[in-house]
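Participant: Okay, handing you the structure first.
The values are calculated or read from the model by the stated rules, or taken from the named source; none is laboratory data. Source: prediction; values computed, not measured. Quick reminder, even Gly has a Cβ in these numbers, built from the backbone with ideal geometry, and neighbours come from all protein chains shown. Quick note on the areas: whole protein, heavy atoms, side chains included, nothing else; ligands and nucleic acids left out. Shrake-Rupley method; radii C 1.70, N 1.55, O 1.52, S 1.80 Å.
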Amino acid sequence: MAFNSKKQLSQFLAEDIGKGDITSKLLAKKKISVKIISRENAIIAGASYAKEIFKLKGCNARIVKKDGSKIKPNQTIMIITGDAGNILTCERTALNLLTRMSGIATQTNELVKKIPKKTKLYATRKTAPGLRYFDKEAVEIGGGKKHRLQLDEMVMIKDNHIAAEDSLLSLIKKAKRKYKKFEVEVENTSDAVLAAKEGATIIMLDNFTPAQIKKAILDLKNKKIRNKVMLEASGGINSKNISKYGQTGVDIISVGSITNSVKGIDMSLEV
């Protein structure tokens, strides 16, 4: 099913409004102009969606800082004109999405700067229900990669799949029969070697330390199969240790905290 951002944004707004914004209905019919400003340094993400939210209530919005722009404190992101009540009805929904997406993009960008360019930072499926499309787009705006949006995009054999099947090799063989590309999560070097020999496209080294990753890579090189797979480091990676993981030689680093532990950027709407 194709993602319909307008429908999703309408649902976000309807969730906040309920049966009607009874406070804004107290206001006299009056056209006003407002601006959204940032209170801190950030990478902007979600401005185009915030604009759409205001348009849903007949307001005009002009984006001053486009998605991907760097912004400093007190700089204007967007200027909105329209009926006072309609603007204020949209205020919180627009700000919630804009501040969250900008927080994700900013955090992603900070992590990307700490790893080599050849190593890609990936998001995970650790997103809030209903927000995955927006969360992952924010990651991409910040310089990262989306990874899978949905379970139907690529086979990823994880620890619980292996436990349920009771055989990593069995799952790999089933995957190979149906799909050209698949990923396998492993918890030790021997399973990494097995997955590489059996034709896995990507091997996720789950909760490996940087030293353990280096050892796994050395073993794969010695068996002349390192170049046959992409290696992904995952688990417990954050801003304090990501540089060390980036120095190991992995192709991908996935970080769940950029979407599941979001610190929104401080912004405000001013009349």
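Participant: How about region 3-78: which GluC sites (Glu not before Pro) there are in a DSSP loop, with at most 16 other Cβ atoms within 10 Å of their Cβ?
Facilitator: Glu40
Participant: Now for a different question. Return the whole-Å distance between the Cα centroid of region 145-185 and the Cα centroid of region 70-86.
Facilitator: Computed from Cα coordinates, the inter-centre distance equals 45 Å.
Participant: In addition: Taking the full set of protein chains and a 1.4 angstrom probe, give the accessible area of Ser257 in square angstrom, rounded to the nearest 10.
Facilitator: Probe radius 1.4 Å; accessible area of Ser257 about 40 Å².
Participant: Turning to a different aspect of this structure: Would you rank Tyr133, Tyr49 by solvent-accessible area, highest first, keeping every protein chain in place and using a 1.4 Å probe?
Facilitator: From most accessible down to least: Tyr133, Tyr49.
Participant: Using Stokes-Einstein with the Kirkwood hydrodynamic radius over Cα pairs, what translational diffusion coefficient do you get for the chain at 20 °C and a viscosity of 1.002 mPa s, in µm²/s rounded to a whole number?
Facilitator: Values: Rh = 20.6 Å.
In µm²/s, the coefficient is 104.
Participant: Using 1/(1 + (r/R0)^6) with R0 = 51 angstrom and r between the beta carbons of Ala211 and Ala14, what's the FRET efficiency to the nearest 0.05? Intermediate results must be reported in sequence, preceding the final value.
Facilitator: Numbers: r = 51 Å, r/R0 = 1.01.
E between Ala211 and Ala14, to the nearest 0.05, is 0.50.
Participant: Per the 1.4 Å probe, what fraction of the accessible area of the chain, in percent, lies on carbon and sulfur atoms?
Facilitator: After summing per-atom areas, the C and S share lands at 49 percent.
Participant: If you wrap region 178-263's Cα atoms in a convex hull and average its projection over all directions, what's the area in nm²?
Facilitator: The orientation-averaged projected area of the Cα hull of region 178-263 comes to 6.0 nm².
Participant: Could you sort 155-164, 177-186, 192-201 so that the peptide with the highest average Cβ count within 10 Å comes first and the rest follow in order? Walk me through the intermediate numbers first.
Facilitator: Values: 155-164: 14.8, 177-186: 16.4, 192-201: 19.7.
Result, highest mean Cβ count within 10 Å first: 192-201, 177-186, 155-164.
Participant: Hey, which of these cross-link pairs are over 23 Å Cα-Cα: Lys66/Lys146; Lys6/Lys117; Lys6/Lys65? Before the final figure, lay out the partial values.
Facilitator: Details: Lys66/Lys146 20 Å; Lys6/Lys117 34 Å; Lys6/Lys65 21 Å.
Long pairs (Cα-Cα over 23 Å): Lys6/Lys117.
Participant: Per residue, how much accessible surface does region 99-231 expose to a 1.4 Å probe? Answer in Å², no decimals.
Facilitator: Values: 7100 Å² over 133 residues.
That works out to 53 Å² for each residue.
Participant: Heads up, I need the accessible area for Arg92: 1.4 angstrom probe, whole protein in place, Å², nearest 10.
Facilitator: It works out to around 110 Å².
Participant: So how do Thr209, Thr248 rank on accessible area, 1.4 Å probe, biggest first, that is with the largest at the start?
Facilitator: Thr209, Thr248
Participant: If you rank Lys51, Lys221 by how much accessible surface each has, with a 1.4 Å probe, what is the order from largest down?
Facilitator: The ordering from most to least exposed comes out as Lys221, Lys51.
Participant: At 1.4 Å probe size, what's the solvent-accessible area of Leu27? Round to the nearest 10 Å².
Facilitator: For Leu27, solvent-accessible area is about 80 Å².
Participant: How much length is gained on full extension from Asn4 to Met230, taking 0.36 nm per residue of separation minus their Cα-Cα distance? Present the calculation step by step, with values, prior to reporting the outcome.
Facilitator: On the way: separation 226, 0.36 × 226 = 81.36 nm, distance 3.24 nm.
Full extension from Asn4 to Met230 adds 78.1 nm.
Participant: What whole-number distance in Å separates the alpha-carbon centres of region 109-125 and region 217-271?
Facilitator: 6 Å
Participant: Treat each spin label as a single point 7 Å out from the Cα along the C-beta direction, and report the Lys31 to Lys263 distance in nm.
Facilitator: 4.2 nm
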